[in-house]
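Written out below as structure tokens is the structure these notes cover.
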Amino acid sequence: MTGVTGPCHPETVHVAASHQAEARQIAAELAAIAASGMVLPGSITCRRTRCGHRNCACHADPARLHGPYWQWTRKVAAKTAGRWLSPEQHHDYQAWIGNDRRLRELLTRLEALGTAAFEADPRWQRKPRTAPADTGQPTP
């Protein structure tokens, strides 16, 4: 395998120049996310609640709910896991969650480019070879 430049061997399939340019742009964005070093899956939501004290302002009309309370949640083994965050943690981790969302968007775009190159491969237009005749012999 002389002349192999990478593990995916893109040189064996013709890829449109526009797709190559977009893949390079995606690679640069991925490198920027990797340089930040932090990705956090899940989401952060703002919660406001009512307490159990009947005379509290949270039960008035209009209600003044308690909070804001920040909650980070994500799925772990098909179950929701979460933690309560301080306002400082909310501010710090919001960027990490943004990195995770951007990473997923970039991966989706990269997969679309790969699928387009796969479908555009002219070798799909070749006529299939005929199957060998059945000789009646069992195959090993």
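Short version: ³J(HN,Hα) in whole Hz for each residue of region 30-43, in order, from phi by Karplus 6.51 cos²θ - 1.76 cosθ + 1.60 (θ = phi - 60°), x for Gly and Pro, what are they?
In residue order, the calculated couplings are 4, 5, 5, 5, 4, 5, 5, x, 9, 9, 10, x, x, 8 Hz.
Out of all Cα-Cα pairs in region 36-136, roughly what percent, to the nearest whole number, are more than 18 Å apart?
On the way: 3558 of 5050 pairs.
The answer is 70 percent, as a whole percent.
So how much accessible area does Arg24 have, in Å² to the nearest 10, using a 1.4 Å probe?
The value for Arg24 is about 150 Å².
Hey, can you rank 80-86, 99-105 by average C-beta count inside 10 Å, highest first?
Working: 80-86: 12.1, 99-105: 14.6.
The most tightly packed comes first, giving 99-105, 80-86.
Would you please give the FRET efficiency between Cys46 and Arg102, computed as 1/(1 + (r/R0)^6) with r the Cβ-Cβ distance and R0 = 25 Å, to the nearest 0.05?
Details: r = 22 Å, r/R0 = 0.86.
Here the calculated transfer efficiency is 0.70.
In square angstrom, rounded to the nearest 10, how much accessible surface does Thr45 have for a 1.4 Å probe?
40
Determine, from the Cβ-Cβ distance of Arg126 and Ala35 and an R0 of 41 Å, the FRET efficiency 1/(1 + (r/R0)^6), rounded to the nearest 0.05. Can you show the working numbers first?
Details: r = 44 Å, r/R0 = 1.06.
Here the calculated transfer efficiency is 0.40.
What is the distance in Å between the Cα centroid of region 81-96 and that of region 47-75?
If you average the Cα positions of each part, the centres end up 18 Å apart.
The values are calculated or read from the model by the stated rules, or taken from the named source; none is laboratory data. What you see is a predicted model; the values in this text were computed from it and never measured. For neighbour counting, all protein chains shown are included, and Cβ atoms are generated from backbone atoms with ideal geometry for every residue, glycine included. Accessible surface areas use protein heavy atoms only, side chains included; no ligands, DNA or RNA. Shrake-Rupley method; radii C 1.70, N 1.55, O 1.52, S 1.80 Å.
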